[in-house]
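Chemist: Before anything else, here's the structure in question.
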Amino acid sequence: MDRVKTAIIGASGYSGEELVRLLLHHPQADLVAVTSRQYAGKTVAEIFPRFASHPTARELRFEEPDTWKLAKKSDVIFLALPHGVAAEYATALLDKGKRVIDLSADFRLSDADIYQEFYGQEHPAPQLLSEAVYGLPEIYREEIRNARLVASPGCYPTSILLPIIPLLRAGLIKHHGIIADSLSGISGAGRKVELPYLFVECNESVRPYGVPKHRHLSEIEQELSIAASTTVRIQFTPHLIPVNRGILSTIYLAPEKYFSSEKEASELNRQINQCFEEAYANETFVRLLGGATLPDTKNVVGTNSIEIAWRLDIRTGRLIVMSAEDSIVKGASGQAVQSLNILCGFDETAGLLP
């Protein structure tokens, strides 16, 4: 495919705005439609002045989300909508032969009962769950290539799954006793006016939330269970920190092989290093950090990359794995565009900054 016509339903949120940015500058994608009931009739440049130098942004106007109109003028449609809302549009667009990349949680889970447990409502389109492909490119690249419906992962899951899945597949860690602590910037909560997310509430504040059962836990455990070929339950605690964007995750794991000496630790470290190299050495958007370097959100903000580092602790017998990513790019819109590139047969890095 030489060029692809794209549309964004729900383009006024943080993920929607980031999609606009990426697609406006994508070398093989044309952004032909953006929707927002709130801003219908206004140009993209009026709502997002930072894009005003781009001719498309000056001409393209937000419109009401009409699936018939969108299907007529676009090939691939991104859904940057809340869970429970996205499924309705996905169903209508798929019926019209379009390909859909959904950034909500509506199609990330394969089990409608688990969706209801974690999201508090019946699934609006359970018939599509078996068809949806979990859009983690480094893990499901071939499945994404031929998908009609891609369920782009959540930001927290991306930061936890990419570091753990290779280790589980290689049998280097135990599948139980996993603990993940994640810290996220405020934009991860979405563009909304609610008291807990106002500047004066978040500034100079660090706090946990969603304890002990954050919604993203459902897809994390689903994907880890697939990797381990057995049921996996983890302890996951997210925290809100006063930065605009970015996620740092620290994950505590129990190695399958016991180690108590420098020699045993050195051999295990070699195996872990080999495991990550085999999984990600050729992955443009995964940075494996060596030496004394540790992940830092300032190094990944604005990029589609995730940084991963690890340390063995002889004193506790644990493996500590750490990751950093931009929650809006690799954790949302950038990863969705990465899936677009795979779907359309483009270079996977097209329009994305590593």
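Chemist: Order the peptides 29-39, 274-284, 141-151 from the highest to the lowest mean number of other Cβ atoms within 10 Å of their residues. It would help to have the intermediate numbers written out before the result.
Modeler: Details: 29-39: 20.0, 274-284: 15.2, 141-151: 18.5.
In decreasing order of mean packing, 29-39, 274-284, 141-151 become 29-39, 141-151, 274-284.
Chemist: Specify whether the C-alpha gyration tensor of the range 141-272 places it in the rounded, prolate or oblate class, a ≥ b ≥ c being the square roots of the eigenvalues: rounded for a/c under 1.5, otherwise prolate if a/b is larger than b/c and oblate if not.
Modeler: Note, shape of the range 141-272 comes out oblate.
Chemist: For the chain, give me the percentage of DSSP beta bridges that are antiparallel, rounded to the nearest 5 percent.
Modeler: So the antiparallel bridges in the chain amount to around 45 percent.
Chemist: Now for a separate question. Sequence neighbours fewer than 8 away in the same chain don't count; with that in mind, list the aspartates and glutamates whose C-alpha is under 16 Å from residue 72.
Modeler: The qualifying aspartates and glutamates are 30, 63, 64, 95.
Chemist: A further question on this structure: For the range 174-262, state which chymotrypsin sites (Phe, Trp or Tyr not before Pro) are in a DSSP loop and have at most 16 other beta carbons lying within 10 Å of their beta carbon.
Modeler: Qualifying residues, ordered by number: 209, 258.
Chemist: Rounded, prolate or oblate: pick one for the range 77-160, where a ≥ b ≥ c are the square roots of the eigenvalues of its C-alpha gyration tensor, a/c under 1.5 means rounded, and failing that, prolate if a/b is larger than b/c, else oblate.
Modeler: It is oblate, given that a/c is not under 1.5 and a/b is not larger than b/c.
Chemist: If you wrap the range 98-214's Cα atoms in a convex hull and average its projection over all directions, what's the area in nm²? Don't skip to the answer; put the middle values down first.
Modeler: Details: hull surface 38.7 nm².
Average of the hull's projected areas for the range 98-214 equals 9.7 nm².
Chemist: Next question, about the same structure. Give a residue-ordered list of calculated ³J(HN,Hα) values for the range 290-298 (Karplus: 6.51 cos²θ - 1.76 cosθ + 1.60, θ = phi - 60°; whole Hz; x for Gly, Pro).
Modeler: x, x, 8, 6, 10, x, 8, 4, 5
Chemist: Using mean Cβ contacts within 10 Å as the protection proxy, how do 72-84, 44-56 order, highest first?
Modeler: 72-84, 44-56
Chemist: Within 10 Å, count the other beta carbons around each residue, average over each peptide in 299-305, 330-336, 8-14, and list them highest first.
Modeler: Highest-to-lowest ranking by the protection proxy: 330-336, 8-14, 299-305.
Chemist: Of all alpha-carbon pairs in the range 4-131, indicate the percentage at a distance above 24 angstrom.
Modeler: 29 percent
Chemist: Placing +1 on the Cβ of each Lys and Arg and -1 on the Cβ of each Asp and Glu in the range 4-131, which of 100, 16, 60 has its Cα farthest towards the positive end of the resulting dipole?
Modeler: Of 100, 16, 60, it is 60.
Chemist: Looking at the chain, what % of the alpha carbon pairs are farther apart than 33 Å?
Modeler: 27 percent
Chemist: State the antiparallel share, in %, of DSSP beta bridges confined to the range 156-327, rounding to the nearest 5.
Modeler: Of those bridges, close to 70 percent are antiparallel.
Chemist: Given 0.36 nm per residue, what is the gain on full extension from residue 3 to residue 204 after removing their alpha carbon distance, in nm?
Modeler: Difference between extended and current length: 67.8 nm.
Chemist: Per residue of the range 216-229, what does 6.51 cos²θ - 1.76 cosθ + 1.60 with θ = phi - 60° give for ³J(HN,Hα)? Whole Hz please, x for Gly and Pro, Karplus curve as stated.
Modeler: In residue order, the calculated couplings are 5, 4, 4, 6, 4, 5, 4, 6, 5, 5, 5, 5, 8, 6 Hz.
Computed from the coordinates by the stated procedures, all read-outs in this text should not be read as laboratory data. Because the structure is predicted, anything quoted here is derived from the model rather than measured. Here the Cβ is made from the backbone with ideal geometry for all residues, glycine too, and neighbour counts use every protein chain on show.
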